[in-house]
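A short reminder: the numbers here are calculations on the coordinates, not readings from a lab. Small disclaimer: the values here were computed from a predicted structure and weren't measured. Quick reminder, even Gly has a Cβ in these numbers, built from the backbone with ideal geometry, and neighbours come from all protein chains shown.
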């Protein structure tokens with residue numbers, strides 16, 4: 001097993017951003033790459049991504065979605081076919097101009113997203129109503145050139161899944177986009193233990209080329225909102241551009257209605273930020289690579305007896321499906337080994353030493369609360385499993401409570417400005433849905449509309465900025 | 001379910017290459033992409049890749065290998081650090097020169113392989129003997145510019161896994177490279193049902209920068225050999241270039257010894273070529289997305305009774321883990337529906353119509369032999385499962401037999417030339433291991449040395465070309 005060096009971890013309570021970068025490096029989730037803006041995802045971080053993939057992939061397949069693969073390179077001309085789409089992505093493109101030693105006639109764009117290259121194929125594949133719905137998903141890497149980057153949260157290259165579906169009707173497409181939103185919300189809350197505010201984006205904030213964008217927003221410890229995923233109703237915008245038509249049951253030609261939706265490695269950043277503390281990561285049990293670390297403490301008496309005891313504990317936990325790792329690095333001090341697992345955010349540490357073996361119990365340490373308990377061996381697997389469930393639930397509860405405490409219902413713009421200058425958070429305010437008001441609010445407070453929750457009741461209100469009639473309270477926040 | 005159009009499939013028996021492209025398109029494994037040399041992997045093809053991933057990923061993890069992710073872009077200077085490596089890859093590079101609207105100071109290479117960017121990180125991560133072995137694997141996409149491309153077999157972009165390990169000693173690294181070779185061989189033979197000749201590459205054919213390359217070669221129906229995967233012993237070549245050192249137990253600085261190994265989407269091409277026939281694909285049961293297609297035939301009598309019968313068959317097969325798909329496209333003719341599953345190479349088709357329901361039996365059709373049998377319902381799940389196993393074994397047997405029949409032991413160069421002008425195949429000949437002889441043989445016959453099998457006995461022979469003393473019989477063939 002790898003040697004570790006204890007270096008002082010920066011404090012979350014002092015500077016979130018410094019701590020965030022530091023804990024990602026020290027917990028070995030990721031490392032900086034020699035190419036500016038790119039990152040290396042190390043095994044401990046990648047294993048979280050594998051857990052995310054495994055969960056979402058199953059859910060998508062249950063809906064009948066199939067995986068496929070589309071090329072990394074997109075002809076420059078393709079991106080220009082949908083006006084809003086190309087305007088949205090142009091500043092962020094990486095362009096291949098040389099291939100096989102020769103200058104290319106048409107430069108190739110390294111995909112920032114795959115709408116255009118996929119829909120060119122959809123036009124070929126879809127002919128009849130019987131070809132619908134077409135439900136595809138791709139797990140791949142995309143490139144969006146970034147000036148200011150941030151590990152996981154904003155990198156020039158990131159990993160994601162992008163789902164792209166085509167349906168016969170607008171209602172069916174919209175309903176599908178919302179089903180995906182629900183899957184993401186359930187995943188983010190129940191697996192990542194991150195409280196989500198889900199809803200629809202404003203015109204200015206929606207995806208380049210979409211009819212509506214549904215989004216998942218989560219509040220970070222610094223009071224800024226992070227977009228955790230999006231599900232877009234594309235309508236027939238792209239269908240008209242790429243000529244994706246089907247003949248309906250009456251033999252009439254119709255345009256398809258489409259959706260696209262994505263969740264990315266960015267959510268790992270949210271996981272780090274939301275749950276960690278001054279001692280390192282705190283990872284929710286369902287998503288963490290290692291749920292229980294067994295730290296065997298050197299003993300003077302019978303080594304064989306110890307090995308049997310430790311192996312029995314490990315095997316019983318493993319067999320029941322709990323992800324356990326053994327730590328027998330006797331050459332390092334116990335304190336450093338404890339620290340190692342704390343920085344990594346492993347939910348439970350089981351300490352086994354002289355006393356535990358003689359008296360037949362386990363010392364179980366909870367990473368989130370720093371609570372230590374003596375656990376007798378009767379039914380210990382069930383008890384550990386229950387404890388992991390409890391930690392999972394409490395993690396979401398903590399973040400739900402934090403989100404509630406930092407969500408303000410505000411009807412006075414001065415108060416709005418004051419909150420955004422101070423602790424920030426979500427602000428629920430009436431807004432007339434006029435782009436100019438939103439732009440001015442952004443300019444004066446750095447806050448933008450995040451979402452209108454899908455279940456927001458229609459009310460009679462006045463726009464927080466201009467005072468004109470407004471129907472809904474939107475969520476505002478400064479965004480990552 | 002999708003509508004299909006029956007179009008005449010080209011014949012494998014008439015022109016392998018035309019049939020190959022045609023069957024890939026018609027069976028919907030893949031499609032051409034608008035970017036030259038790239039391909040779209042459609043769900044039916046991608047599902048094969050997912051089955052490949054799932055098998056190999058488990059085997060690698062059992063060895064302690066962990067997955068990670070490294071950047072797509074490699075600084076130009078990195079590739080130039082290892083002389084042979086850059087010479088090997090230079091003609092095939094795609095180069096990004098523009099990022100975020102600006103000309104880049106240093107062009108970025110789209111990875112053709114990740115040795116250089118990974119080993120730069122290894123140098124940072126490896127310090128002590130306790131950091132070893134470092135066993136990482138990456139599932140990603142790579143770009144190698146190709147002038148002449150071929151679906152799956154040679155495309156500018158392809159998917160693969162690349163494993164990269166670092167060890168304390170050369171012996172340990174070599175042993176690891178061979179363990180991986182064994183995993184690939186077992187996979188290719190037992191899952192893909194492709195007979196493998198495994199061995200070591202000659203100096204001219206080894207990987208750019210490797211000390212030795214172990215390779216897996218398979219004979220295609222046209223008598224040409226296809227490289228199915230490689231496992232390289234890199235020695236300390238890259239360690240010296242990237243300064244990857246560890247302090248051993250005595251505190252002395254030592255260079256690590258490395259391996260790298262890969263299997264790619266190319267093997268799907270081999271799967272198609274080796275097993276298909278004039279009627280379409282024939283896919284081995286272990287790797288195929290759909291093992292059994294149930295074709296329900298329209299009946300005049302009780303529809304409900306039929307639905308119950310068909311559902312029961314489907315459910316019992318599914319529950320036992322067999323991958324079944326229902327085909328209830330009554331609006332299409334039975335003949336076209338049979339043809340659809342034949343082109344897709346689904347191993348078994350179960351036909352259920354009037355007679356089957358009344359008399360209580362299944363009509364089971366084997367795609368490989370075109371044999372139809374009446375199967376009574378007693379223990380039918382076990383019988384179907386046994387039949388799938390049998391088909392799997394017989395597929396490998398057929399290819400083993402083909403390979404043996406087309407492997408010639410030759411001591412006379414005129415005969416060598418004659419075979420290579422005719423039906424080709426593998427030729428086992430003594431070779432003095434001199435590069436010049438190999439180059440001349442290639443020039444005159446298009447054949448190169450493929451591998452020296454690891455268990456080849458040392459003999460006293462004469463080089464097939466120059467007549468000088470030679471110790472081993474090498475496998476020669478024309479290569480894809």
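Brief remarks follow.
- Averaged over the residues of peptide A:116-129, the number of Cβ atoms from other protein chains lying within 10 Å of each residue's Cβ is 2.
- Angle between chain A longest axis and helix A:115-125 axis [Cα atoms, degrees, rounded to 10]: 70
- Peptides A:285-291, B:390-396, B:253-259, A:358-364, ordered by how many other C-beta atoms sit within 10 Å of their residues on average, highest first, read B:253-259, A:285-291, B:390-396, A:358-364.
- Number of partner chain Cβ atoms within 10 Å, mean per residue of B:39-46: 6
- Segment B:18-275 shape via C-alpha gyration tensor axes, a/c threshold 1.5: oblate
- Neighbour-count order for B:57, A:18, A:368, fewest beta carbons within 10 angstrom listed first: A:18, B:57, A:368
- Computed over the protein assembly as shown, the quotient of the alpha carbon radius of gyration and 2.2 N^0.38 Å is 1.01.
- Ranked list, fewest to most other Cβ atoms within 10 Å of each Cβ, for A:85, A:279: A:279, A:85
- Each part reduced to its alpha carbon centroid, segment A:409-480 and segment B:62-115 end up 46 Å apart.
- Think of it as helices only: each DSSP H run of n ≥ 4 in chain B is worth -39500 (n - 2.57), and spread over all residues that comes to -11000 deg cm²/dmol at 222 nm.
- Segment A:1-120 shape via C-alpha gyration tensor axes, a/c threshold 1.5: prolate
- Listing B:119, B:246, B:214, A:55 from fewest to most neighbouring C-beta atoms within 10 Å gives A:55, B:246, B:119, B:214.
- Shape analysis of chain B places it in the prolate category; the axes a ≥ b ≥ c from the Cα gyration tensor give an a/c of at least 1.5, with a/b above b/c.
- Gap separating the Cα centres of segment B:365-404 and segment A:116-143, nearest whole Å: 35
- In degrees, nearest ten, helix A:43-62 long axis to first principal axis of chain A (Cα): 50
- Inter-chain Cβ neighbour count for A:87-98, averaged per residue, equals 5 (cutoff 10 Å, partner chain atoms only).
- Using the Cβ-Cβ distance between residue B:154 and residue B:61 with R0 set to 30 Å, the FRET efficiency works out to roughly 0.50.
- Inter-probe distance in nm under a simple model that places probes 7 Å from Cα toward Cβ, at residue B:400 and residue A:423: 7.3
- Folded to 0 to 90 degrees: helix B:435-445 orientation relative to chain B principal axis, Cα: 40
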